[in-house]
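Chemist: Quick one: structure below, then a few questions.
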């Protein structure tokens, strides 16, 4: 006696061998029917997370470029190309030194020192070494941007920004959406447009060189900010 399960299996097998449309014409179908699953939610979330990261990192690159151009009005600046290559997003340049007639600020040394301190605190608080190292990469970006922003504040610039609290002890991130003072007023659109052009300009100037010295009051950088470029 055939069970319900046997009937279901027989019906499914028959359907796989023989398909009939509503006009009564029959079509043979192969046994190896391939069914493509829809992308899993986890894959969608992963793509969404990657897209969000790319947008955030690119915007941070634009911020840095605008900060460098503003600082070049007052200082000579030495920048270096990024250590690693990335195909996911743009990358921040390494700001090595900010130099005036009276002061020399070793920016990269300061950023590295701050990141080492945070790494030690994370390990002390019980964070996994792998996670702590991953945070260091993120901290290096935020520490550099915070430092450049602090110097600009001392020079009379103001900012419209949003602070995002770090989760589980992660670094607090401040995102700048407006800059004003010293004869300029930039909104988010300006930061994106001018920042992209400045970053392209700096990377082209760097080429394959180890570092690039941007003289004080660099005319091209000044035109990107105050001109119509």
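Chemist: Report P(r) for region 75-116: all Cα-Cα distances, bin width 10 Å, range 0 to the bin holding the largest distance, values in whole percent.
Modeler: Pairs per bin, as whole percents: 27, 44, 25, 4, 0.
Chemist: Compute the normalised compactness of region 49-226: alpha-carbon radius of gyration over 2.2 N^0.38 Å, N being the residue count.
Modeler: Its radius of gyration relative to the 2.2 N^0.38 Å reference: 1.03.
Chemist: Mind ordering 185-194, 96-105 by average Cβ neighbours within 10 Å, highest first?
Modeler: Highest to lowest by the protection proxy: 185-194, 96-105.
Chemist: Using packing as a proxy for protection, rank 176-184, 74-82 so that the peptide with the highest average count of other Cβ atoms within 10 Å comes first.
Modeler: 74-82, 176-184
Chemist: Another question, if that's okay. Full-extension gain between residue 44 and residue 213, please, as 0.36 nm times their residue separation minus the C-alpha to C-alpha distance.
Modeler: Result for the pair: 56.5 nm of gain on full extension.
Chemist: Can you tell me how much longer the chain between residue 205 and residue 185 gets when fully stretched, taken as 0.36 nm per residue apart minus their C-alpha distance, in nm with one decimal?
Modeler: Stretched out fully, the residue 205 to residue 185 stretch lengthens by 4.5 nm.
Chemist: So what is the diffusion coefficient of region 170-229 in µm² per second by Stokes-Einstein at 10 °C and 1.306 mPa s, using a Kirkwood Rh over Cα pairs?
Modeler: Diffusion coefficient, whole number: 119 µm²/s.
Chemist: For region 67-147, what percent of Cα pairs sit more than 22 Å apart?
Modeler: For region 67-147, the share of Cα pairs beyond 22 Å comes to 34 percent.
Chemist: Fewest Cβ neighbours within 10 Å first, please rank 56, 209 accordingly.
Modeler: Sorted ascending by nearby Cβ count, the order is 209, 56.
Chemist: Each label point is 7 Å from the Cα along the Cα-to-Cβ direction; what then is the distance between the points at residue 80 and residue 109, in nm?
Modeler: With each label point 7 Å from Cα toward Cβ, the separation is 1.3 nm.
Chemist: Same structure again: Do you know the relative contact order of region 100-205, to the nearest whole percent, from alpha carbon pairs under 8 angstrom that are 6+ apart?
Modeler: The normalised contact order for region 100-205 reaches 17 percent.
Chemist: Let me ask something else. Measure off 7 Å from each Cα along the Cα-to-Cβ vector at residue 51 and residue 125, then give the distance between these two points in nanometres to one decimal.
Modeler: A separation of 3.1 nm, rounded to one decimal place.
Chemist: What full-extension length gain, to one decimal in nm, is calculated for residue 220 and residue 174 as 0.36 nm per residue of separation minus the Cα-Cα distance?
Modeler: Full extension of this stretch gives 13.8 nm more.
Chemist: So what are the three principal axis dimensions of region 38-107 from its Cα atoms, in whole Å, longest to shortest?
Modeler: Cα spread of region 38-107 along its principal axes, largest to smallest: 63, 21, 14 Å.
Chemist: Show me the ranking of peptides 211-218, 146-153 by mean Cβ neighbours inside 10 Å, starting with the highest.
Modeler: 146-153, 211-218
No lab work stands behind these numbers, since they all come straight from the coordinates. No experiment lies behind these values; they were computed from the predicted model shown. Methodologically, a virtual Cβ is constructed for each residue, glycine included, from the backbone with ideal geometry; neighbour enumeration extends over all protein chains shown.
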